[in-house]
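**Student:** Below is one structure. I have some questions about it.
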Amino acid sequence: MKRLSVIIVTYHSENDIYDCLQSFWQHADMAREELEVIVVDNSPESDTMFDRLRQLYGPDIVLVHNTHNGGYGQGNNVGIRRATAPVVMIMNPDVRLCEPVLQSALKAFDSDSRLSLYGMKQMCNEQEPSPYSVVCTYMMNGYLFTLLTSLANRLDFFWPKYMYLSGSCFFARKAMVEAVGMYDETNFMYGEEDDLRHRLICQYGPSMKYNSKLHYIHPMHTRQPDIEYEKKLIDAAIKMNEKNGYPRRLTIKNRLRNLRLLIWREELKQRLHRGEQKKLEVMKQKREYLVQILRES
């Protein structure tokens, strides 16, 4: 009987998936017969990657070539429907496990039947913590969002009523996720974590846990500032919040408040010769975009 189904959605992820799976099996602290690893590929062509994965892992891995690229959430839903274990682990292909975490997560689900989600501390590398292990909901005032998100990651606290776990690597009770409709397939990418948290809380209450003593690596710090990426994040947040009854204009105003503090901090860093000019430029472009869509709302 499978106790855990691991779901990894890929899209042109050949540069990441092999190291991801190698790190997973290196730190898998449970019997292979209790594990089910499912790779759902959204790429139009999967043969080369799948052939190599079959050579490396044989029957220890389930390979699914998605019928179309319906986005990150739709790909995860394909994996969730295919999963046979009561607990699923959602894992991005660029995530690396750096220690055993599986048994601790399963014990948490076994000991609390109300538990819906279980997250861990995200690291940029083995020494540097990420500022995004937990993030406040975009329905929160932007100034409070900025301060609370920063404090929560520095002090390792989690307030599930107002915060969500990073979606790059977490565990979920499959039956609960299915009961609330799984990922919203109308949303191609981004904003999934806050939306899923909101729907789970509405049905089951804030029964989520963050274990800061367990770690995984997600090297987001290597990404270069990109205004198109930032626009997609904003658009997804607006869409998800509107769906859940939160007004569009309030979401935009919250993002502007958040951005004012971030720009102020980055300008201060520049004066101290510690800032990044490109990062500041993208922040200001993001502010212009927010002001524009606020006027249009």
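The values are calculated or read from the model by the stated rules, or taken from the named source; none is laboratory data. From a predicted model like this one, the values you see are computed outputs, not experimental measurements. Virtual Cβ from ideal backbone geometry, glycine too; neighbours counted across all protein chains shown. Accessible surface is based on the protein model in full, side chains and every heavy atom, while ligands, DNA and RNA are left aside. Shrake-Rupley method; radii C 1.70, N 1.55, O 1.52, S 1.80 Å.
**Student:** Under 10 Å, Cα contacts only: if you run a Gaussian network model on the chain, which one of Ser207, Ser46, Ser104 comes out with the highest mean-square fluctuation?
**Tutor:** Ser104
**Student:** For Leu4, what residues show an amide H to amide H distance below 5 Å, using hydrogens built from the backbone and excluding near sequence neighbours?
**Tutor:** Result for Leu4 returns Glu36.
**Student:** What are the lysines whose alpha-carbon lies under 29 Å from the alpha-carbon of Lys232, with same-chain residues fewer than 8 places away excluded?
**Tutor:** Excluding near neighbours in sequence, the set is Lys121, Lys161, Lys174, Lys209, Lys243, Lys253, Lys269, Lys278, Lys279, Lys284, Lys286.
**Student:** Right, here's the next one. With a cut-off of 8 Å between alpha carbons and a minimum separation of six or more residues, what is the relative contact order of the stretch 152-255 in percent?
**Tutor:** 30
**Student:** Let me ask something else. For the chain, find the longest principal axis of its Cα atoms and tell me its angle to the long axis of helix 142-155, 0 to 90°, nearest 10.
**Tutor:** 50
**Student:** Whenever you get a sec, compute what percent of the accessible area on the stretch 123-268 sits on carbon and sulfur atoms (1.4 Å probe).
**Tutor:** Here carbon and sulfur together make up 57 percent of the probe-accessible area.
**Student:** How large is ³J(HN,Hα) for each residue in the stretch 272-285, as worked out from phi by the Karplus curve 6.51 cos²θ - 1.76 cosθ + 1.60 (θ = phi - 60°), to whole Hz, x for Gly and Pro?
**Tutor:** Once θ is set to phi - 60°, the couplings for the stretch 272-285 become 8, 6, 10, x, 10, 4, 4, 4, 5, 4, 5, 4, 5, 5 Hz.
**Student:** Additional query: Tell me the mean residue ellipticity at 222 nm calculated for the chain from its helices only (DSSP H runs of n ≥ 4, each -39500 (n - 2.57), averaged over every residue, nearest 500).
**Tutor:** -15000 deg cm²/dmol
**Student:** Then there's this: Once both labels are modelled 7 Å past Cα along the beta-carbon direction, what's the Arg82-Ala31 spacing in nm?
**Tutor:** Calculated label separation equals 2.5 nm.
**Student:** Using a basic spin-label model with each label point 7 Å from the Cα along Cα→Cβ, how many nm lie between Arg223 and Cys124?
**Tutor:** About 1.4 nm separates the two model spin labels.
**Student:** At 0.36 nm per residue, minus the direct Cα-Cα distance, what do Glu242 and Arg287 gain on full extension? Give it in nm, one decimal, please.
**Tutor:** Here the answer is 14.2 nm.
**Student:** Go ahead and set up a Gaussian network model of the chain, Cα springs under 10 Å, then flag whichever of Gly75, Gly167, Gly245 fluctuates most.
**Tutor:** Largest GNM mean-square fluctuation: Gly245.
**Student:** Could I ask something else about it? Using only alpha carbon pairs under 8 Å that are at least six residues apart, calculate the relative contact order of the chain and give it in whole percent.
**Tutor:** 20
**Student:** While we're on this one: Please compute the per residue accessible area over the stretch 1-131 with all protein chains in place, 1.4 Å probe, rounded to a whole number of Å².
**Tutor:** Per residue, the stretch 1-131 has an accessible area of 43 Å².
**Student:** Under 8 Å for C-alpha pairs, at least 6 residues apart: give me the relative contact order for the stretch 1-135, rounded to a whole percent.
**Tutor:** Relative contact order, the stretch 1-135: 34 percent.
**Student:** Next up: When Rg is the radius of gyration of the Cα atoms in the stretch 229-293 and Rh is its Kirkwood radius, what does Rg/Rh come to?
**Tutor:** Rg/Rh: 1.06.
**Student:** Based on a Kirkwood Rh over C-alpha pairs, give the Stokes-Einstein translational diffusion coefficient of the stretch 1-68 at 37 °C and viscosity 0.692 mPa s in µm²/s.
**Tutor:** Value of D from the Cα-based Kirkwood radius: 265 µm²/s.
**Student:** Right, something else. What does the accessible area per residue of the stretch 145-297 come to in Å², with a 1.4 Å probe and no ligands, DNA or RNA counted?
**Tutor:** 53
**Student:** Please provide three numbers in whole Å: the alpha-carbon extents of the chain along the principal axes, with the largest listed first.
**Tutor:** Principal axes ranked by extent give 54, 39, 37 Å for the Cα atoms.
**Student:** With a bin width of 5 angstrom, please list the P(r) values of the stretch 178-297 as percents of all Cα-Cα pairs, from the 0 bin to the one holding the largest distance.
**Tutor:** With a bin width of 5 Å, the distribution comes to 2, 9, 15, 17, 17, 17, 13, 7, 2, 1, 0.
**Student:** Modelling each spin label as a point 7 Å along the Cα-to-Cβ direction, I'd like the Arg260/Arg114 distance in nm, to one decimal.
**Tutor:** 3.8
**Student:** Now for a different question. Taking every eigenvalue of the Cα gyration tensor of the stretch 150-235, multiplying by 5 and rooting it, what semi-axes result, largest first, whole Å?
**Tutor:** They are 22, 19, 12 Å, listed largest first.
**Student:** Rg and Dmax of the stretch 126-170, using alpha carbons, in Å: what are they?
**Tutor:** 10.3, 33
**Student:** Further question: Give me the angle, in degrees from 0 to 90, between the Cα long axis of helix 248-271 and the longest principal axis of the Cα atoms of the chain, rounded to the nearest 10.
**Tutor:** Approximately 80 degrees, to the nearest 10.
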